[in-house]
Each structure stands twice: as C-alpha cells, then as structure tokens.
Amino acid sequence: MKSSNMKKLGLSILAVIACVAIIGGVYWAGYTKGTQETKHIVVEGVADPQVSKDGIDFKPFWEALEVIKERFVSRDKAYDNQALLYGAIGGMVDALGDPNTNFLTPSDANEFTEEISGEFSGIGAEIGINENEQLVVIAPLKDTPAYRAGVQAGDRILEIDNESTAGLTVEQAVERIRGERGTQVILLLLRDNMEIKTPITRDIIELPTLEYEMLDGKIAYIRLYNFYEKAPTQFRQAAIQTVGRRAQGIVLDLRNNPGGYLEAATYIGGWFIERGGVIVREEFQDESENKKLTSRGPAALKDVPIVILLNKGSASASEILAGALREQNNATIVGEKSFGKGTVQELVPLLDDSIIKVTIAHWVTPKGTTIDKNGIEPDIALEQPTEEELQNNPDPWLDRALEELKKKL
C-alpha cells in the first residue's frame with residue numbers, strides 16, 4: 001500500500017538521521033578531520049550516509065551540519081541535535097511548497113490531536129492558505145466569536161496579536177489564535193484593501209451542523225454548516241422530512257461551509273445520486289491507487305430539483321458535494337466561486353511520536369475537474385450584497401436561489 005510505503009520511507013529517513021545525530025558526538029573529532037582531508041565521511045553503523053539508495057548526494061547536507069557545529073555563534077544551539085533534526089525534516093517538507101503538508105514535532109502532534117478531537121476554546125473560524133501563500137479566513141462558523149466580531153470569508157489575516165503571519169503554516173496560526181476561554185486575541189485583517197483590527201474573545205466552540213425549513217410550503221431549505229460527525233444523521237432526518245412533506249424542490253445552502261469528513265459528503269450525496277454513481281475521484285501519485293467513491297443510495301431525492309448556494313467560504317467536502325450534484329444530478333449552483341481546497345491529507349506517525357501530515361491525493365469531480373486551487377464555479381454568479389441592500393433584504397442570495405429553483409418546477 002502507498003501509505004505503508006510512505007511511512008516506511010519517512011521512518012527510514014528519520015532512523016538514518018537520528019542514528020547519525022546520536023553517534024556524531026562520539027565520532028565528531030574523527031569526522032571533522034576526515035572531511036577536511038578527504039571530504040568523505042564514514043560513520044559507524046551507517047553503510048554510506050553520503051549517497052542514498054535513490055542516488056541523492058548527501059555530502060552538502062553533512063558539510064552544512066559541520067559548518068553549523070564549528071562556526072555558529074551559539075554552541076548550545078549548534079549542538080541541539082534534536083532541534084537540528086526537526087529543522088531538517090521541516091525544511092524537507094517545506095521544500096514541497098504545499099501548505100497542507102507539514103511536519104509536527106511530538107508536542108505539536110499532541111496539540112493537533114487534541115484540537116481535532118472535540119470541544120475547544122478559540123474564535124470559531126476555519127482558516128487556510130490561499131493561492132498567494134497568504135493566511136485567509138475560509139469561513140467564520142455561525143454563532144461563534146469570529147462570526148459575532150464580523151470576521152468574513154476571504155479576510156486575509158496579516159497579524160495575530162501584533163505579530164506578522166508571514167510564513168506561518170495553518171497549524172502554527174491556529175496555535176496562536178486558540179487559547180483559554182475568556183482571553184482575547186487581536187487579528188489584523190485585510191478586506192477590500194482596508195486593514196481592520198479585530199479583537200475577539202475566545203470561547204468554547206460548539207459547532208452548529210444543520211438547519212431545516214419548509215419555504216412557501218413546498219421548498220425544502222437545508223442549511224448545512226459542516227460535514228462533521230453529526231452531519232449524516234441530521235441530514236438523514238432532513239431528507240426524510242423532505243420526502244414526507246413531498247417537497248417540490250430543494251435549496252441546499254453550503255455558504256461558509258468549510259468542509260469536514262469525506263464520508264459525510266459521500267453519504268449525503270447518496271441521497272441524490274443513484275447507487276453506483278460517482279461522487280468524487282481520488283487521484284494519487286501512483287495511478288494504480290486512483291479510486292472512485294460512489295453513491296450507496298438510497299437516492300430518495302434524485303428526482304427533486306435542486307439549487308445549491310456557494311460562496312468563497314465553501315470548501316473541501318462542500319465542493320465535492322456541489323460538483324457531484326451539478327454533474328450527476330443537474331443541480332444549479334448560485335453564488336460565487338468556492339475556495340478551492342481539494343486535497344487529501346494523511347497523518348503518518350514517526351518513531352518518536354512526531355507526525356508528517358502529507359498530501360497524498362487530489363479530489364476530482366466525476367467529470368474530471370480538479371477542485372484544488374480551482375474551486376467550483378457557479379452557474380449564476382452573484383455579487384456580495386451591500387449594507388444598504390442587506391437592510392432591505394437580509395438574504396438576497398437566497399431569494400435568487402428560490403427564483404432559479406422555481407424555473408425548474
């Protein structure tokens with residue numbers, strides 16, 4: 001399996017470097033003299049540390065390490081082999097140029113595991129890296145501190161507590177933003193070329209999942225906020241109500257839905273797409289591993305006309321579902337182009353409990369559109385309403401979606 005091979009490769013690299021780091025102190029004098037005279041390093045216990053099995057010449061790496069050990073002004077830092085090791089692995093990962101592939105030290109890995117396991121204190125905003133390598137808000141989550149503070153999808157985060165975000169990974173930014181309940185974090189946001197300093201008080205984040213309403217007695221309005229654990233069960237309940245009330249059409253609102261679990265997206269897609277129909281394809285480095293994720297039914301809503309609302313805060317699983325329903329179920333998409341987050345990450349644990357979070361595949365729509373960095377283009381593009389327009393109509397986009405849906409009835 002690919003993940004197994006990747007894990008073995010990661011473990012092999014770590015084992016070689018760690019071995020050298022430990023033995024290096026004992027053999028440092030001989031190693032230094034040898035490199036000065038012959039530039040060929042022989043390390044006991046390592047067959048040939050200068051050339052990998054793939055033919056990579058590691059001599060510059062060892063020479064750089066020697067320079068650091070001999071010349072760096074702080075001896076303590078120069079001989080902090082653990083930090084140098086983690087720095088080397090982090091640099092290797094950063095060289096891939098993928099903001100979603102990261103190296104997590106054991107302490108970072110432990111925090112990451114805690115963060116994805118349930119309730120937490122923060123501001124309630126999904127963040128990511130855009131195509132310009134800038135930290136951005138994908139979506140503020142409803143009824144959270146970020147939502148109440150006026151944070152909007154697409155806001156660029158320039159500073160966190162007066163410190164620049166330049167060069168930060170998503171994980172590093174999240175670590176700075178989260179904190180104890182009741183404490184404050186100050187974000188400097190850039191929106192429409194205007195800087196906005198936004199103080200936000202952290203709180204326990206409890207994520208909303210779904211809202212359901214019948215409009216005009218015949219249109220089912222389903223607002224899905226995420227694709228986490230509760231989404232399949234709550235959508236099933238909404239779908240049963242929709243069938244029971246004999247709804248003539250559906251508006252599926254995925255605005256500011258940052259995604260969640262792939263399994264939730266495929267389950268929900270199964271309510272609209274015939275059993276066996278493709279919902280999304282995964283494309284790997286090794287093409288033999290490519291696979292199609294298909295509907296398992298029950299397809300009880302397949303004949304109900306549907307309009308989908310998207311905006312730039314719709315990402316990941318939202319884009320998978322929207323793309324599948326348009327291509328497989330003739331859904332109309334209204335709004336603006338989605339975020340464009342369409343990659344699959346795998347968490348690969350290393351020997352010392354550190355983790356490499358590595359992108360292993362791209363998500364592709366049933367008809368071949370790569371979601372990552374491209375997003376899902378709407379069939380009917382809308383502009384963000386002005387404050388004056390919102391005073392007259394709290395949700396003009398929903399009205400437009402209903403207008404388009406009625407054309408299908």
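The numbers here are math on the coordinates, done by the rules we state, and not lab data. Please read all numbers here as calculations on a predicted model, not as lab measurements. Heads up, the Cβs are rebuilt from the backbone with ideal geometry, glycines too, and the neighbour counts pull from every protein chain shown.
Using R0 = 41 Å, the C-beta based FRET efficiency linking residue 77 and residue 193 works out to 0.50.
Counting Lys and Arg as +1 and Asp and Glu as -1, what is the net charge of the other residues whose Cβ lies under 9 Å from the Cβ of residue 358? Mind showing how you got there, number by number?
Working: positive: 357; negative: 98, 346.
My count for the surroundings of residue 358 gives -1.
Can you put 402, 390 in order, fewest other beta carbons within 10 Å first?
Values: 402 18, 390 12.
In increasing order of surrounding Cβ atoms, one gets 390, 402.
What is the calculated FRET efficiency for residue 184 to residue 113, with r their C-beta to C-beta distance and R₀ = 25 Å, to the nearest 0.05? Efficiency, from the Cβ-Cβ distance: 0.45. Using a Gaussian network model of the chain in which every pair of alpha carbons under 10 angstrom is joined by a spring, one finds that among 100, 81, 257 the greatest mean-square fluctuation is at 81.
Rounded to the nearest Hz, the phi-derived 3J(HN,Hα) couplings of segment 136-150 under the Karplus curve 6.51 cos²θ - 1.76 cosθ + 1.60 (θ = phi - 60°) are 9, 7, 6, 6, x, 8, 4, 6, 10, x, 5, 4, 6, 7, x, where x marks glycine and proline.
Is the shape of the chain rounded, prolate or oblate, going by the alpha carbon gyration tensor and its root eigenvalues a ≥ b ≥ c, with a/c under 1.5 for rounded and a/b larger than b/c for prolate? Prolate shape, in that a/c is at least 1.5 and a/b is the bigger ratio. Going from the residue with the fewest nearby Cβ atoms within 10 Å to the one with the most, 314, 164 rank 164, 314.
When a/c reaches 1.5 or more, the comparison of a/b and b/c decides; with that in mind, is segment 98-223 rounded, prolate or oblate per its Cα gyration tensor? The shape class here is prolate. Along segment 340-349 the Karplus relation, 6.51 cos²θ - 1.76 cosθ + 1.60 evaluated at θ = phi - 60°, assigns HN-Hα couplings of x, 10, x, 10, 10, 10, 10, 8, 10, x Hz to successive residues, with x for each Gly and Pro.
Counting beta carbons within 10 Å around each of 267, 221 and listing the fewest first gives the order 267, 221.
Under 1.5 on a/c is rounded, so check that first for segment 286-400, then, if it is not, pick prolate when a/b is larger than b/c and oblate when it is not; a ≥ b ≥ c are the square roots of the alpha carbon gyration tensor eigenvalues.
Oblate, because a/c is 1.5 or more while a/b does not exceed b/c.
Could you tell me which of the pairs 312/373; 292/337; 230/291; 312/341 are separated by over 19 angstrom between their Cα atoms in the structure shown? The pairs that break the limit, which is 19 Å between Cα atoms, are 292/337; 230/291. With both labels modelled 7 Å from their Cα along Cα-to-Cβ, the residue 303 to residue 176 distance reads 5.6 nm.
Considering only DSSP beta bridges with both partners in the chain, what is the antiparallel share in %, to the nearest 5?
Working: 49 of 65 bridges.
If we restrict to bridges inside the chain, about 75 percent are antiparallel.
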